[in-house]
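**Q** Quick one: this structure, given as structure tokens, is what I'll be asking you about.
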Amino acid sequence: MNLKNNTTHGSIEEGKRSIHWTEMHMPLLSELKSQFAKEQPFAGLTIGVCIHVEPKTAVLCRTLQAGGANVVLTGSPGTTKDAVAAALQEEGITVYGQRSDRRNEHLQNIHNVLRHHPHLLMDNGADLARTLIQHYDNNSLIGGTEETTTGANLLREETGENIPFPIIVINDSPLKRIMENEHGVGQTIIEGFMRTTNLILPTRRFVIVGYGTCGRGIARYLRNLGSQVVVIETDPIAGLEAALDGFRVARLEDTFAFAQVYITVTGRPNAILKEHFSQMNDGTILANAGHFSWEMDLESLRQDAQHTEQLTADIEQFTLANGRRLMLLTQGEMLNLAGGSGNPAETMDLGLSLQAASLLYLVQQRQHLIFGPQPVPHSVNNTIAGQMLKHLSYKI
Ligand SMILES: NC(=O)c1ccc[n+]([C@@H]2O[C@H](COP(=O)([O-])OP(=O)(O)OC[C@H]3O[C@@H](n4cnc5c(N)ncnc54)[C@H](O)[C@@H]3O)[C@@H](O)[C@H]2O)c1
């Protein structure tokens with residue numbers, strides 16, 4: 001559904017004010033916007049964007065629009081801020097989707113974006129790229145960017161070498177992994193947990209499933225706030241790193257008595273399975289920070305529950321046959337986005353500037369590009385890192 005008149009969860013003015021606040025804290029995108037406004041690198045081009053519809057993405061879309069682009073946007077299930085979508089619509093950016101969308105509506109939104117025949121894609125979870133490869137002939141496509149680990153894995157594993165356009169994998173940039181995944185997600189998963197539960201962090205017993213860049217950040221931030229943290233890892237190297245960082249590394253099966261909260265962040269399906277739920281303590285909280293809610297077998301949880309009750313907008317209680325109650329936060333969608341404000345403006349300034357600068361690179365180098373997934377060019381990483389360091393440093 002096109003959101004032009006949908007202001008159910010906030011007014012256009014509210015959306016504009018939240019974009020204004022965010023824009024003030026995204027200096028790298030502001031600089032790119034000035035550059036794009038002068039040079040018009042995207043004049044005549046349509047850019048299809050699939051990134052969470054919230055204020056930081058709005059700043060990105062404005063930046064691309066300033067460079068002459070026709071921007072068509074959709075987000076992810078459960079994370080769309082309707083007031084922001086409405087504000088962008090008013091500025092001439094087409095937005096598909098709303099906060100209440102689930103997976104089916106999301107897939108329709110993806111098709112709606114692709115029907116605009118984009119010349120460039122900005123993807124998050126490879127939904128645009130995979131759907132385009134499966135269902136559309138688009139000879140005018142120059143290339144795209146992919147934001148996430150999950151999307152990059154899906155593209156590499158499903159389509160292998162047969163991707164008929166260049167796709168720059170933003171998540172492979174060391175900059176993004178350090179600043180956004182580790183520090184951004186670390187800080188904001190805590191915000192999402194506190195907002196949705198209103199519970200104390202010191203002494204609370206967390207199990208973090210997956211110790212990649214995001215899991216490492218979440219585990220470290222929780223520990224710094226006094227929580228007890230155990231890590232589950234399938235990769236022995238990442239597990240060793242967690243152990244050397246001072247965390248207890250365990251098998252999932254050994255954590256049921258300890259855990260008060262599970263947070264999955266593996267980028268893979270079914271890290272927590274049907275048979276695990278009944279062994280958890282009464283009152284155990286389940287949350288996900290990974291891109292898709294598939295990290296827990298929620299379908300089985302829903303089917304097997306004797307009784308389900310929505311306690312608050314963000315907490316769903318499942319009573320199992322053994323009488324124990326499990327509490328699912330934000331339907332298993334990303335806790336920091338669905339239950340909080342998402343990654344901090346400064347961290348997304350870096351990630352989204354990498355995206356915008358990579359699109360510029362694709363347009364400028366379009367005659368010399370190779371097809372398939374590829375890293376962010378070194379020159380782009382270097383420039384963005386230097387600019388961010390300049391903004392974060394205090395001159396004494
Ligand atoms: N919430 C956000 O704002 C946000 C931001 C960036 C990335 N992400 C998402 O978070 C997820 C993780 O991203 P990342 O960059 O940390 O990925 P990563 O690949 O660096 O780390 C994932 C880790 O999980 C481990 N793992 C895989 N399956 C497992 C299992 N069954 N049990 C335990 N460990 C397992 C892997 O060995 C790996 O170490 C992805 O889905 C990514 O898209 C979310």
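**Q** In region 207-228, how many are in a helix (DSSP H, G or I), in contact with a strand residue (DSSP E or B) (Cβ under 6 Å, 6 or more places away or on another chain) and over 16 Å from Leu252 (Cβ atoms)?
**A** So the count comes out to 3.
**Q** A follow-up question, please. For region 54-74: of the residues being at pLDDT 95 or above and part of a loop (DSSP other than H, G, I, E, B), which is nearest to Gly332 (Cα to Cα)?
**A** Looking at residues that are at pLDDT 95 or above and part of a loop (DSSP other than H, G, I, E, B), I get Ala69.
**Q** Restricting to region 239-271, and then to whatever is β-branched (Val, Ile, Thr) and closer than 24 Å to Ser293 by Cβ, can you tell me which residue is surrounded by the most Cβ atoms within 10 Å (Cβ to Cβ)?
**A** Among those residues, the one meeting the criterion is Val265.
**Q** Ok, one more. Determine which member of the set Glu157, Glu161, Glu180 is over 30 Å from Gly283 (Cβ atoms), more than 15 Å from the ligand (Cβ to nearest atom) and either modelled with pLDDT under 95 or not in a helix (DSSP H, G or I) (or both).
**A** Step by step, each of Glu157, Glu161, Glu180 is checked, and only Glu161 is over 30 Å from Gly283 (Cβ atoms), more than 15 Å from the ligand (Cβ to nearest atom) and either modelled with pLDDT under 95 or not in a helix (DSSP H, G or I) (or both).
**Q** Take Ile93 and tell me if it is buried (at least 18 other Cβ atoms within 10 Å of the Cβ) and in contact (Cβ under 8 Å) with a residue 12 or more places away in the chain.
**A** yes
**Q** Quick one: how many residues across region 75-112 are at pLDDT below 95, in a helix (DSSP H, G or I) and either among the basic types (Lys, Arg) or more than 20 Å from the chain's Cα centre (by Cα) (or both)?
**A** Residues flagged as at pLDDT below 95, in a helix (DSSP H, G or I) and either among the basic types (Lys, Arg) or more than 20 Å from the chain's Cα centre (by Cα) (or both) within region 75-112 amount to 1.
**Q** Can I ask one more? Does Thr188 satisfy being within 12 Å of the ligand (Cβ to nearest atom) and within 27 Å of Ser353 (Cα to Cα)?
**A** The answer is yes for Thr188.
**Q** Which members of region 164-177 meet the condition of being more than 13 Å from the chain's Cα centre (by Cα) and part of a helix (DSSP H, G or I)?
**A** Asp172, Pro174, Leu175
**Q** Please state which of the following conditions Tyr211 fails to meet, knowing it meets all the rest: (1) closer than 17 Å to Gly290 by Cβ; (2) of a type in the set (Phe, Trp, Tyr); (3) more than 9 Å from the ligand (Cβ to nearest atom).
**A** (3)
**Q** Restrict the check to region 9-22 and report whether at least one residue is in contact with a Phe, Trp or Tyr (Cβ under 9 Å, 6 or more places away or on another chain) and assigned to a helix (DSSP H, G or I).
**A** Looking through region 9-22, none of the residues is in contact with a Phe, Trp or Tyr (Cβ under 9 Å, 6 or more places away or on another chain) and assigned to a helix (DSSP H, G or I).
**Q** Output yes when any residue across region 336-355 is of a type outside the set (Val, Ile, Thr), touching an Asp or Glu at 6+ places or on another chain (Cβ under 9 Å) and exposed (fewer than 14 other Cβ atoms within 10 Å of the Cβ), and no when none is.
**A** no
**Q** Val169 passes all but one of (1) within 9 Å of the ligand (Cβ to nearest atom); (2) touching a residue at least 60 places away in the same chain (Cβ under 8 Å); (3) among the aliphatic types (A, V, I, L, M); which number fails?
**A** The number of the failed condition is (1).
**Q** While we're looking at this one, here's another question. For region 235-249, state whether one or more residues are part of a strand (DSSP E or B), modelled with pLDDT of 95 or more and more than 24 Å from the chain's Cα centre (by Cα).
**A** Yes - at least one qualifying residue is present in region 235-249.
**Q** Just to check your reading of the model, which residue among Val53, Val72 is in the same structural domain as Tyr361 (by TED's automatic domain parsing), touching a residue at least 12 places away in the same chain (Cβ under 8 Å) and under 17 Å from the mean Cα position of the chain (by Cα)?
**A** One residue alone meets the criteria, Val53.
The values are calculated or read from the model by the stated rules, or taken from the named source; none is laboratory data. Just so it is clear, the structure is predicted and the values come from calculations on it, not from any experiment. Note that each Cβ is placed from the backbone with ideal geometry, even for glycine, and that neighbours are counted across all protein chains shown.
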